[in-house]
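Below is one structure, written out as structure tokens; the observations come after it.
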There are 2 protein chains.
Amino acid sequence: MKLSTRGRYGTKVLLDLALYQGVGPVLLKDISRRQRIPLHYLEHLIAPLIAGGIIRSSRGAKGGIWLVKSPAEIRLSKVILLLEGSIAPAECVTNPKLCESADACVTRDVWLEMENAMNEVLESITLQHLAERHKSKEQLKEKMYYI
Amino acid sequence: MKLSTRGRYGTKVLLDLALYQGVGPVLLKDISRRQRIPLHYLEHLIAPLIAGGIIRSSRGAKGGIWLVKSPAEIRLSKVILLLEGSIAPAECVTNPKLCESADACVTRDVWLEMENAMNEVLESITLQHLAERHKSKEQLKEKMYYI
DNA sequence: TATAAAGTTGATGATTTTAGTCAGGAATAG
DNA sequence: CTATTCCTGACTAAAATCATCAACTTTATA
């Protein structure tokens, strides 16, 4: 039940964009360095985010990537869906036809409940929430230097 | 974010045992047939369940496996933990030392929230619940033949 | 318009995990 | 003693994961 690096890296990328929002295109190179994601791997990670319409990109000098919508409009449920596909703990949840007895299967019901519980969490958190949480943690850290 | 067959098969095995509880040792061969799990694979699946103390086994003629506790006392959280290990969506949740900035990381907080949400679901469901749900679905199915 | 910068795409590869299979062994009932 | 049944370790094929690389396209700007 682990997310792949796609989901984890991708979420970090978008948090990074949310934190650097409004300053124009953000370089992949910079995101790579700040978030410790291999640049060449990062290049592949952004494809589904562009296809999903939550970031845009520009090539060439002064190029980079940026959020298309405001961070408050981007929910993690969407992000994870784009990067990982369905979050359901078993294929049969999303695609009942894979198993003849799907509708009679009580274990499938459990996996469905788990998916719903996860989706509630992801649905309730936006990039703005993440950015705010991050800033408030940073502030806390700075204050601690003066104690 | 998929469970492996270990978690899915294993849960079915235990549901099967809960349904056939009280009739003495249940043959792996029968579980294999009813739950459509390869026998040789099943033999490996039961090891962590025995080690975890929720089933016991006896070899030889009239052998088989059975639940050690009552189905009402066995929560799915325990089952999945034995079969899959931690259900956390990322290693850093269980083992913060893997990442220097774990305590400052807001994405890690999200993965932790997801884990908690899943655990609440799994904590709230016992094998008895599963068995009851199963029987009531079966009954519904029988009734439908007479409509 | 030449050039450097930066994202895009497709091919490839190393490593790990998954999902088994198989052979032989050990315990148990009768 | 013997048939039955679970146990264990070794092994394997296939898939997924996590990249890396090279060639290419687009863009800003000197």
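If you go through region B:97-107 and pick out every residue that is more than 9 Å from every other protein chain (Cβ to nearest Cβ) and assigned to a helix (DSSP H, G or I), you end up with 3.
Considering (1) out of contact with any Leu (no Cβ under 7 Å at 6 or more places or on another chain); (2) among the hydrophobic types (A, V, I, L, M, F, W, C); (3) more than 8 Å from DNA strand C (Cβ to nearest atom), the lone condition that A:Val13 does not fulfil carries the number (1).
For region B:127-146, the tally of residues that are loosely packed, with under 12 Cβ neighbours inside 10 Å and modelled with pLDDT of 80 or more stands at 3.
For A:Gly85, indicate whether it is out of contact with any Leu (no Cβ under 7 Å at 6 or more places or on another chain), over 30 Å from B:Met118 (Cα atoms) and open to solvent by less than 40 Å² (accessible area, probe 1.4 Å). Judged against the criteria, A:Gly85 is not a match.
Considering region B:108-126, the residues that are open to solvent by 50 Å² or more (accessible area, probe 1.4 Å) and more than 12 Å from B:Ser77 (Cβ to Cβ) include one that is farthest from the other protein chains (Cβ to nearest Cβ), namely B:Leu112.
Taking A:Ala51, is it more than 14 Å from every other protein chain (Cβ to nearest Cβ), away from DNA strand D (no atom under 16 Å from the Cβ) and at pLDDT 95 or above? For A:Ala51, the condition - more than 14 Å from every other protein chain (Cβ to nearest Cβ), away from DNA strand D (no atom under 16 Å from the Cβ) and at pLDDT 95 or above - is met.
On the given criteria, is A:Glu123 more than 16 Å from DNA strand C (Cβ to nearest atom), on the phi < 0 side of the Ramachandran plot and of a type in the set (D, E, K, R)? Criteria met by A:Glu123.
Could you identify the single residue in B:Gly52, B:Gly64, B:Gly85, B:Gly60 that is away from DNA strand C (no atom under 13 Å from the Cβ) and out of contact with any Phe, Trp or Tyr (no Cβ under 7 Å at 6 or more places or on another chain)? Walk me through it before giving the result.
Details: B:Gly64 fails: away from DNA strand C (no atom under 13 Å from the Cβ); B:Gly85 fails: away from DNA strand C (no atom under 13 Å from the Cβ); B:Gly60 fails: away from DNA strand C (no atom under 13 Å from the Cβ).
From the options B:Gly52, B:Gly64, B:Gly85, B:Gly60, the qualifying one is B:Gly52.
Please go through region B:75-91 and give me each residue that is farther than 22 Å from B:His129 by Cα and in a helix (DSSP H, G or I), ordered by number. Steps first, answer last, please.
Taking region B:75-91 first, the residues farther than 22 Å from B:His129 by Cα are B:85-86, B:88-91.
Of everything in region B:75-91, just one residue is farther than 22 Å from B:His129 by Cα and in a helix (DSSP H, G or I), namely B:Glu91.
Of all positions in region A:80-88, none carries a residue that is more than 8 Å from chain B (Cβ to nearest Cβ), touching a Lys or Arg at 6+ places or on another chain (Cβ under 7 Å), more than 30 Å from A:Val13 (Cβ to Cβ) and not polar (S, T, N, Q).
Go through region A:63-79 residue by residue and tally those that are within 16 Å of DNA strand D (Cβ to nearest atom) and either more than 14 Å from chain B (Cβ to nearest Cβ) or among the acidic types (Asp, Glu) (or both).
First pass over region A:63-79, keeping only residues within 16 Å of DNA strand D (Cβ to nearest atom): A:63-66, A:68, A:79.
In the following step, the residues that additionally are either more than 14 Å from chain B (Cβ to nearest Cβ) or among the acidic types (Asp, Glu) (or both) were identified as A:63-66, A:68.
Number satisfying all stated conditions: 5.
I need the helices (runs of 4 or more DSSP H) fully contained in region B:1-74, keeping only those with at least 3 residues that are touching a residue at least 40 places away in the same chain (Cβ under 8 Å) and surrounded by 15 or more Cβ atoms within 10 Å (Cβ to Cβ).
Values: elements: B:5-19, B:28-35, B:39-51.
Counting at least 3 such residues, we get B:5-19.
Test B:Asp103 against the stated conditions and say whether it is open to solvent by 30 Å² or more (accessible area, probe 1.4 Å) and within 18 Å of A:Thr126 (Cα to Cα). Criteria not met by B:Asp103.
The values are calculated or read from the model by the stated rules, or taken from the named source; none is laboratory data. Everything quoted here is computed from the prediction, not taken from an experiment. Counting neighbours? That spans all protein chains shown, and the Cβs are built from the backbone with ideal geometry, glycine included. Heavy atoms of the whole protein, side chains included, go into the accessibility calculation; ligands, DNA and RNA do not. Shrake-Rupley method; radii C 1.70, N 1.55, O 1.52, S 1.80 Å.
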